[in-house]
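Data block below; observations after.
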Amino acid sequence: MNRKYSGFTLVEMLIVMGIIIILMAVGIAAGRFAINRANDVAHQNAADQLFVAAQSYLTDEREYPIVTNWSLNLTEGTGCTAPCLGGYLSLGEFRGGTDATYYYWTDQKSALVCVSLGGVDDADNRGYYCTGNGFGATGAPSGVTQKDVDPESTTADGFPGTSVAADWNLIQDWDNENDVFETI
């Protein structure tokens with residue numbers, strides 16, 4: 001008896017479906033990693049951009065600015081509240097990445113800008129990225145001694161390192177949907 005099969009058997013279909021499911025799982029995991037990495041880079045670039053604007057202000061005014069509201073201080077023209085930093089943003093309009101919390105500290109001789117990598121108040125417990133020249137400065141936020149602040153070394157209150165709200169001159173959340181800083 002010679003039989004000619006013209007289709008796939010059930011076992012062959014299950015094997016193919018299993019392979020497709022495994023490939024999809026690997027692809028989704030790799031995609032999630034790529035998205036997280038892209039968000040981290042966007043946040044790091046935004047923090048660096050804010051610090052560069054503060055440094056440029058320092059060059060002109062001989063002191064770091066005391067920023068009271070990023071939204072008001074980053075605008076240009078008549079709508080700006082002093083100190084106006086919008087003109088110092090060399091990369092154009094500020095883009096803060098996905099939702100995050102930005103922290104700013106200065107004693108007007110040194111400054112730190114930190115950003116949560118895991119969403120607002122580091123809700124995903126991914127840590128913080130900090131930039132500036134205020135690491136270890138007198139009066140600087142405690143526990144912030146390097147650029148990458150491990151979430152394991154932070155206190156559970158949503159601040160980089162062992163710092164508290166009173167250690168920072170300004171804490172504001174970035175709302176990605178509306179491209180604005182929100183007052184906390």
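Is it the case that some residue within segment 138-148 is surrounded by fewer than 19 Cβ atoms within 10 Å (Cβ to Cβ), of a type in the set (Lys, Arg) and in contact with a strand residue (DSSP E or B) (Cβ under 7 Å, 6 or more places away or on another chain)? Yes.
Selection of segment 50-81 for residues being of a type in the set (Ser, Thr, Tyr) and in contact with a strand residue (DSSP E or B) (Cβ under 6 Å, 6 or more places away or on another chain) yields Tyr64, Ser71.
Given the condition closer than 27 Å to Asn178 by Cβ and of a type outside the set (Lys, Arg), answer yes or no: does some residue in segment 131-141 qualify? There is at least one residue in segment 131-141 that is closer than 27 Å to Asn178 by Cβ and of a type outside the set (Lys, Arg).
In this structure, Gly86 does not qualify as of a type in the set (Gly, Ala, Ser), surrounded by fewer than 18 Cβ atoms within 10 Å (Cβ to Cβ), more than 21 Å from Glu177 (Cα to Cα) and modelled with pLDDT under 85.
The values are calculated or read from the model by the stated rules, or taken from the named source; none is laboratory data. Note that this is a predicted model, so its numbers are computed, not measured. Note that each Cβ is placed from the backbone with ideal geometry, even for glycine, and that neighbours are counted across all protein chains shown.
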